[in-house]
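One structure is given here, and the rest of the page talks about it.
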Amino acid sequence: MSTQVNVRLDDDLLNEIDSISKVLHVSRTEWLRMKIALAVKDDALKLSESIALEYAKGRISEKELRDLLGTDADDIIYIVKHMKRGKKYIEEMVGKGKL
């Protein structure tokens, strides 16, 4: 499924995009779609630590985490799950006076 998004671009920028897409023999839309996808993936990789922290704090869902990080999300989910389990164990031990 796809959703249409409308964006206003400066005429000079649009002329450059048209020239590039002509040289590459792809449509303007296809070129923009590829560039946006690449930019999102690059940002996701650069921000992976921040994304993991947001997941650990419960600010983004598991689905959002997987959408952003792909298979790397599995490692983060595993780590967060075990950190929470360890925290719960420590809290129980402190509550029982064993720590």
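The values are calculated or read from the model by the stated rules, or taken from the named source; none is laboratory data. It should be emphasised that the depicted structure is a prediction, and the values quoted were computed from it without experimental measurement. Every residue, glycine among them, receives a Cβ derived from its backbone with ideal geometry; neighbour counts consider all protein chains shown.
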message: Looking at segment 38-55, I want the residues that are in the same structural domain as Asp75 (by TED's automatic domain parsing) and closer than 12 Å to Asp67 by Cα and have a partner that is outside any helix (DSSP H, G or I) and of a type in the set (Val, Ile, Thr) with Cβ atoms under 9 Å, at least 6 apart or on another chain. Which pairs are those?
response: Ile51/Ile60
message: Given (1) closer than 29 Å to Leu14 by Cα; (2) without any contact (Cβ under 8 Å) to a residue 24 or more places away in the chain, identify the lone condition not met by Ile77.
response: (1)
task: Being in contact with a Phe, Trp or Tyr (Cβ under 9 Å, 6 or more places away or on another chain), without any contact (Cβ under 8 Å) to a residue 60 or more places away in the chain and acidic (Asp, Glu) narrows it down to one of Glu64, Glu92, so name that one.
output: Glu64
message: I'd like to verify a number: residues in segment 8-49 that are more than 21 Å from the chain's Cα centre (by Cα) and not in a helix (DSSP H, G or I), how many?
response: 6
message: I'm trying to understand the selection: among the residues of segment 18-29, which are out of contact with any helix residue (DSSP H, G or I) (no Cβ under 7 Å at 6 or more places or on another chain) and surrounded by 12 or more Cβ atoms within 10 Å (Cβ to Cβ)?
response: Lys22, Val26
